[in-house]
Structure formats: structure tokens, C-alpha cells
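Reading through the C-alpha cells given below for one structure.
The values are calculated or read from the model by the stated rules, or taken from the named source; none is laboratory data. Everything numeric in this text was worked out from a predicted model, so none of it was measured. Note that each Cβ is placed from the backbone with ideal geometry, even for glycine, and that neighbours are counted across all protein chains shown.
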Amino acid sequence: MRKIKTAVIGAGFMGKVHTEMIRRLGFVEVAGVAAVSKEEAAQFAKLMSVERTTDNYMELIADPEIEAVHICTPNVLHAPIAKAAIEAGKHVLCEKPLAMSVAEAQEMLDLAQKKGVVHCVNHNLRYYPVVQHIRQMIQAGQLGEILIVQGTYSQDWLLYETDYNWRLESKENGPLRAVADIGSHWMDMIQHLTGLKITALVADLQTFHKKRKKPKVAIETFAGKTLKPEDYEEVEIDTEDYGGVLLRLGEKARGAFTVSQMSAGCKNRFQIEIYGTEAGVMWNQETPDILWIGRRNEPNQIIVKDPALLMGEAATYADLPGGHSEGYDDTHKQVFKRFYRKILDPSAPTAFPTFEDGLWGMKLLEKVLESARTGSWVTVS
Ligand code: SOE
């Protein structure tokens, strides 16, 4: 099998995760990493043993040997980098949310289709093995008709007014924060599993810290716990810490979810519950190998991830035997494996989320914002 050369653009939390998980594939080489500054590029080179790092991503995009790029930058750079890369004929795997607006996401999709490159938006959380088991159960009719979807995506890394990150700045992040960062995963997951589309919603947003203390030095996602009072300046915050959303999914199914980056003790609590006419399921990312199945007239069940027990396709998302945990890192590996398989063999299935999913996600985010501003139900078409 030939080895594909790829570039990672962005050297923060996600840049590291992508670099490590690409390397685990074996048939893809990280041929270069672009960082925001020469210092960050040098640090990344040392930490991750990457030979080629740069503070100029266009250098990597201009390299004819590099076939694909991973975009792991703040959201504001997704569209400009993706468009430059696609113009240069590269395949693109972009972090979520896909863009800053529906218009940008539409341009990215149109260009990718015109140039015929493989495109992916990284909704990696779909690919926990037992989550794929839920999808198989639903497709086999084991839940019956889907009636209710509910849950949360709650974190606590922005609880204090001294917690700070680029996501708090709407110029870098876009106008929605918690709903865009983690609500985008929740909505994508529910639709991916049930096959239903969100058709209407009403949203309530809250910013608990209207002002935050911004560190005078840049800090990475999940890393801001070590500064002193004099290291901060006060800034106004115009994005939400919390969101609550009621959903309609077609004529019958209904749902609700909350997102929060200020729920003490919730490190990365992504919980989904899906209830149908025959059975219900519940899954929480903090215990990713465990799936609860509920039934009205039979004892409830707990399934522990084991490829020998997972239905159909779901078993292909478990690379380790039962009792050997597979977690967050592994979900990225599953997306990347399928993305690069498609690059090697265009007839391979598109078994990963594409810019079309990313565009749909952006439409939902714009509707959340519209609903929160108008205080009313909005339909999604
Ligand atoms: C930060 O909220 C973050 O890293 C998200 O950006 C990821 O998508 C999520 O999986 C974990 O939390």
C-alpha cells in the first residue's frame, strides 16, 4: 500500500490529537505541521518529533507531495485554509463546526465538489463502537418508532471567570460558542443514529460571565489553571456559556438537550438517550464502552463493548477485544482510517461525515441563534 503524505494545520489541543492518530494508521505520514508562530512550531516539533514544522501553512499547501490537510485551527480560519487547500487539489479533513456561517460552509462544499476532493468534517464522536451498535439497533427496528431524543453535552473547563480560550472570542469562534463547539456534536449524533432530521427548534441561551479575565499570554483548550491575578485583563463576553434547545424531528419525534461549559464536575459529559416504541438506549461518553438498553416488559440490559457482541458494521469500529477500552483518541482514528481509505480507493464507501453534514450543522446553528434572538420556534428547511 502506498504511503500518503499529509499536513496538520493547527498545533493546539486538536493538532496534537490529529498528529498522533494519523500516525497510528501506519499508511499515512505527517509530512508537516503548521503552527500560529515560529515558537509554537518549534515547541510542537520537539514535543511531537515532527521533522517539518512552519508558521506559514501556505508552504504546506503549496507542497505537491502533500495530498491532504487536516484543519485544526480556530473556526475563523477553517474556510480560508480549506479553500486554499482545495484549490491546490488537496483532500481536506476539517474540525467542527465546519465554518463561521452557512455561506462559508456552502462555499467550502461547492468548491470541494467542483474539484472532486475527498472532504470530511470531524464529528468523530459518532464512532465509539457501542454508539455504532445503537445505530445498528435502530436500523434493525429494535427500538421501534423513535419518539423521544434527549440529553446533554456538559463540561466545566470554562466555569471560572479566569478560564479563557480563543473559543470565547466571537471573532475567532463565531457568534455561538457552547452550542457550536459541543451542541454541534450532540445534534449531529442524534440525527446520525436515528436517521431523523431536526425540523424545528426553540433555543434559550445564557452567558453567566458577561466579563471574563483574559490571560495576557495565550493558553490552550483545557489548559488554563496556573496563572496569577496580574496575568489577566478584563474583557466583555458575547457568546453563551449555556444553551437549552427543544427539538422537533419531523411530525412525531420530539427532543431536548442542554449544553454547558460551566457545569462543575462534568469533564466531558456527552449523554444521549433515545426512546422508541419498543425500547430505549442511553450512552454517556464518560463511560464510553457501556450501553444501557431499557425495555418495558423485560429486564433492562447493560452491554459492555465487545466486537463479538456488536451488531453488523458496529463491530468494525472496535479494533480491540472486549474488556479493552476504546475511547476519544480511537474515534479519531476510525474517522481518519475511512477518510484515507477513500483517498486511496475512490470506490470505497463514504463512511465518515462530509462537508454536507457540516453545512447542515451550520444551518442548525444559525437557527439556534435566530431562535434565541427572537425568542420563538423556528423551522429548519
Ligand atoms: C472542547 O469543548 C472540546 O475539545 C471540543 O471542541 C471537542 O469537539 C469535544 O469533543 C471535546 O471538547
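Some observations on this one:
- Taking residues in segment 367-381 that are in contact (Cβ under 8 Å) with a residue 40 or more places away in the chain, and partners anywhere that are among the hydroxyl-bearing types (S, T, Y), the pairs with Cβ atoms closer than 7 Å and at least 6 places apart or on different chains are W377/S371; V378/S371; T379/T199; V380/T199.
- Candidates V202, V259, V245, filtered to the one that is touching a helix residue (DSSP H, G or I) at 6+ places or on another chain (Cβ under 7 Å), assigned by TED's automatic domain parsing to the domain that holds M282 and more than 20 Å from N284 (Cα to Cα): V202
- Filter pass, Q155 being touching a helix residue (DSSP H, G or I) at 6+ places or on another chain (Cβ under 8 Å) and either within 15 Å of the ligand (Cβ to nearest atom) or not aromatic (F, W, Y) (or both): yes
- Residue within segment 296-303 that is surrounded by 13 or more Cβ atoms within 10 Å (Cβ to Cβ) and assigned to a strand (DSSP E or B) present: yes
- Only one of Q155, Q206, Q142, Q136 that is at pLDDT 95 or above and touching a Cys at 6+ places or on another chain (Cβ under 7 Å): Q155
- Residues of segment 225-239 that turn out to be closer than 25 Å to L365 by Cβ and either modelled with pLDDT under 95 or within 13 Å of the ligand (Cβ to nearest atom) (or both), as a count: 1
- Checked against (1) assigned to a loop (DSSP other than H, G, I, E, B); (2) surrounded by 19 or more Cβ atoms within 10 Å (Cβ to Cβ), S376 passes all but a single condition, namely (2).
- Test result for E366, modelled with pLDDT of 95 or more, buried (at least 17 other Cβ atoms within 10 Å of the Cβ) and part of a loop (DSSP other than H, G, I, E, B): no
- Selection count, segment 78-90, where residues are part of a helix (DSSP H, G or I) and in contact (Cβ under 8 Å) with a residue 24 or more places away in the chain: 9
- Just one of (1) within 14 Å of K337 (Cα to Cα); (2) surrounded by fewer than 20 Cβ atoms within 10 Å (Cβ to Cβ); (3) in contact (Cβ under 8 Å) with a residue 24 or more places away in the chain fails for M48. It is (1).
- A residue that is hydroxyl-bearing (S, T, Y), at pLDDT 95 or above and in a loop (DSSP other than H, G, I, E, B) can be found somewhere in segment 338-352.
- Test result for Y153, hydroxyl-bearing (S, T, Y) and over 29 Å from E273 (Cβ atoms): no
- Every pair of residues 6+ apart whose Cβ atoms lie under 8 Å, when the first sits in segment 12-28 and is touching a residue at least 40 places away in the same chain (Cβ under 8 Å) while the second is basic (K, R) and within 15 Å of the ligand (Cβ to nearest atom): M21/K333; R24/K333; L25/K333
- Selection within segment 158-189: residues that are within 20 Å of P288 (Cα to Cα) and among the aliphatic types (A, V, I, L, M). The member of this set that is nearest to the ligand (Cβ to nearest atom) is I182.
- Residue within segment 63-71 that is within 16 Å of the ligand (Cβ to nearest atom), touching a Ser or Thr at 6+ places or on another chain (Cβ under 9 Å) and either closer than 25 Å to D319 by Cβ or modelled with pLDDT under 95 (or both) present: yes
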